[in-house]
1. Check whether at least one residue in region 7-21 is more than 17 Å from the chain's Cα centre (by Cα), surrounded by fewer than 16 Cβ atoms within 10 Å (Cβ to Cβ) and on the phi > 0 side of the Ramachandran plot, and report yes or no.
2. So, in region 107-140, how many residues would count as being part of a helix (DSSP H, G or I), modelled with pLDDT under 95 and in contact with a Leu (Cβ under 7 Å, 6 or more places away or on another chain)?
3. Select from region 46-100 the residues that are at pLDDT 95 or above and either in contact with a strand residue (DSSP E or B) (Cβ under 7 Å, 6 or more places away or on another chain) or among the basic types (Lys, Arg) (or both) and list them in ascending order.
4. Go through (1) assigned to a helix (DSSP H, G or I); (2) surrounded by 11 or more Cβ atoms within 10 Å (Cβ to Cβ); (3) among the polar types (S, T, N, Q); (4) free of Cβ contacts under 8 Å to residues at least 40 places away in the same chain and name the single condition Thr55 misses.
5. Inspect region 116-131 for any residue being within 19 Å of Arg60 (Cβ to Cβ) and among the charged types (D, E, K, R) and give the result as yes or no.
6. Could you tell me which numbered condition Lys112 fails, if it satisfies all but one of (1) within 27 Å of Gln2 (Cβ to Cβ); (2) in contact with a helix residue (DSSP H, G or I) (Cβ under 6 Å, 6 or more places away or on another chain); (3) surrounded by fewer than 16 Cβ atoms within 10 Å (Cβ to Cβ)?
7. Any residue in region 2-17 that's more than 15 Å from Tyr93 (Cα to Cα): show its pairings with residues that are part of a loop (DSSP other than H, G, I, E, B) at Cβ separation under 7 Å, as long as the two are six or more apart or on different chains.
Amino acid sequence: MQLCLRQLDPGETDHELIWLSVSVTSIGLAATWFAFGLPWPHCLFHVLTGRPCMTCGMTRSAIQFFHGHFLGAIQWNPLVFAALCGLSIFNAYAFIVLATRAPRLRITLWTKLEKTYARIFVITVLSLNWVYLLLHWRNF
């Protein structure tokens, strides 16, 4: 795996613009949803089994995160907290890159072994997060 900084080629997908737009739009829609007092989403898995699914606590974790209650966000769903921290860093990076037209950070030259390790890492992190949620299921 190699990281490189380079300008966008003509016609290349501008991931920073796309994902920053998706992120800002999603936050705006969620804020509007809750501002109008619309119902919270319900987890069908939790309703049927009484146990949390892999994403249970996601909404409450996000609400805690955006209110600045980081410990509460970690307690509801550690993986969502980590994802929101990463998303915040990416959004700041994307805004700076778009505003200054700076070179973009790209990952290149992934080997097959690195891709395999990345998949194993993602599956392991998802599994460990679900184990955490199952161990704290009484909170849900």
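1. yes
2. Residues in region 107-140 being part of a helix (DSSP H, G or I), modelled with pLDDT under 95 and in contact with a Leu (Cβ under 7 Å, 6 or more places away or on another chain): 0 in total.
3. Within region 46-100, Val97 is the sole residue that qualifies.
4. Here Thr55 clears every test but (1).
5. No - not one qualifying residue is present in region 116-131.
6. Condition not satisfied by Lys112: (2).
7. Qualifying pairs under 7 Å: Gln2/Leu109; Leu8/Asp14.
The values are calculated or read from the model by the stated rules, or taken from the named source; none is laboratory data. The shown structure was predicted, so the numbers you read here are calculated from the model rather than taken from an experiment. Cβ atoms come from the backbone with ideal geometry, glycine included; neighbour counts cover every protein chain shown.
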